[in-house]
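A.B. asks: Quick one: structure below, then a few questions.
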Amino acid sequence: MSDLLDDDLEFRGGTLQLSSDNINAENAENSQNNTAERVNRNKTKSNANSSVLSGADSLSSSTSSFADARTEERRTEGAAASSESVQTVYPRYDVPFNSENIKDFFTFRKGVVENAIQECITALLFPEDGEYLGSWLLTEITLWDNEKERIVLLTSRLVMTIKYDFIAMKQLDFKKTYLDDLDTIVIGELVYPPSSLVPERNLRGVRLMWNKGEPLPLKTVWNPFSQDVPFLTFASHPIYWHKDGGPEEKAPFDMEIFAQKLQRAIEAMPSSACCIHHSPVVIQSYVGVTSLLHNKTSMGFFKVRGKFSF
């Protein structure tokens with residue numbers, strides 16, 4: 001009888017030991033499975049974060065795509081430059097004309113621009129026009145993407161655009177745009193629509209708008225001689241890139257300084273409802289054969305052209 005009890009106890013003891021071994025094995029397996037699941041979850045989160053940070057799904061329009069791409073490119077260039085040395089990274093510009101062609105411009109001659117601006121200030125500005133803030137020689141870009149040489153005067157109340165004959169040294173026409181009428185100012189890269197065949201300018205510009213967000217009527221869009229275009233677009237004059245001297249000598253041809261002073265004048269007006277955006281300035285030109293020919297031959301500038309000057 002005692003032998004049977006001993007055998008039974010040994011059998012039960014063996015069974016208990018076997019059960020405890022199985023439990024330990026299951027616990028170890030479950031622990032490994034939990035660890036693998038946590039690793040997979042972390043990988044999934046990492047992959048999700050990578051796709052979100054890439055911003056590929058957030059590019060919904062050509063304008064935002066261009067801005068995001070430019071921003072990412074500048075960040076990359078800035079990081080590379082800062083790793084080598086601390087210096088400012090400027091956007092890439094396509095310099096208009098070369099140093100030889102620029103000498104044919106009448107405005108490149110010493111004292112011509114200064115005398116013309118002083119004449120315009122004396123003849124066209126009056127006390128009721130507000131405080132005088134500055135004057136520039138800039139490039140106006142028309143609705144049809146044609147470049148034209150213009151004197152620009154800025155006061156606390158208005159922007160005056162003047163067509164001036166730098167050969168005969170006389171005013172031809174002028175236009176006043178009051179700051180109270182402006183509803184939008186856009187400062188940024190000059191770009192074309194995605195479907196445009198026109199080469200990129202790689203230049204910056206500023207656009208002054210007073211159309212209240214309404215589209216242009218067809219009679220204005222399809223009329224190259226229309227005077228009812230409700231916006232002005234300016235870029236730096238070509239002399240800016242070829243003028244000898246420092247920032248002070250180049251300032252009268254610099255669109256950036258004009259845009260800064262214009263923004264300050266708008267912000268100083270408590271009654272102004274004008275919105276200022278720093279984003280690409282879209283030029284609605286799709287083929288632009290005539291404008292390319294016009295701009296390539298600099299027909300909008302007064303210069304020496306062989307035996308003739310116009």
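The values are calculated or read from the model by the stated rules, or taken from the named source; none is laboratory data. Remember, predicted model here, so these are calculated numbers, not experimental data. Cβ atoms come from the backbone with ideal geometry, glycine included; neighbour counts cover every protein chain shown. All accessible areas refer to the heavy atoms of the entire protein, side chains included, with ligands and DNA or RNA removed. Shrake-Rupley method; radii C 1.70, N 1.55, O 1.52, S 1.80 Å.
A.B. asks: Do we have any residue at all in the range 211-227 that's open to solvent by less than 20 Å² (accessible area, probe 1.4 Å) and within 20 Å of Ile151 (Cα to Cα)? Reasoning before the result, please.
C.D. replies: So the first thing to find is which residues in the range 211-227 are open to solvent by less than 20 Å² (accessible area, probe 1.4 Å), and the list is 220.
Subset that is within 20 Å of Ile151 (Cα to Cα): none.
Within the range 211-227 (the criterion being open to solvent by less than 20 Å² (accessible area, probe 1.4 Å) and within 20 Å of Ile151 (Cα to Cα)), the answer is no, since none of the residues qualifies.
A.B. asks: If you go through the range 122-170 one residue at a time, how many are crowded, with 16+ Cβ neighbours inside 10 Å and within 18 Å of Pro252 (Cβ to Cβ)?
C.D. replies: Going residue by residue through the range 122-170, those that are crowded, with 16+ Cβ neighbours inside 10 Å are 125, 129-130, 133-155, 157-162, 164, 166.
Now restrict to residues that are within 18 Å of Pro252 (Cβ to Cβ): 125, 133-140, 147-155, 159-162, 164, 166.
The number of residues fulfilling the criteria is 24.
A.B. asks: Only residues that are assigned to a strand (DSSP E or B) and open to solvent by 20 Å² or more (accessible area, probe 1.4 Å): list them for the range 192-210, please.
C.D. replies: Arg204, Arg207, Met209
A.B. asks: Specify the residue that is farthest from the chain's Cα centre (by Cα); the eligible residues are those in the range 257-310 that are among the hydroxyl-bearing types (Ser, Thr, Tyr) and open to solvent by less than 20 Å² (accessible area, probe 1.4 Å).
C.D. replies: Here the residue is Ser298.
A.B. asks: Additional query: Among the helices (runs of 4 or more DSSP H) contained in the range 219-309, which hold 3 or more residues that are in contact with a Ser or Thr (Cβ under 8 Å, 6 or more places away or on another chain)?
C.D. replies: Numbers: elements: 247-250, 255-267, 289-296.
Filter on the range 219-309 gives 255-267.
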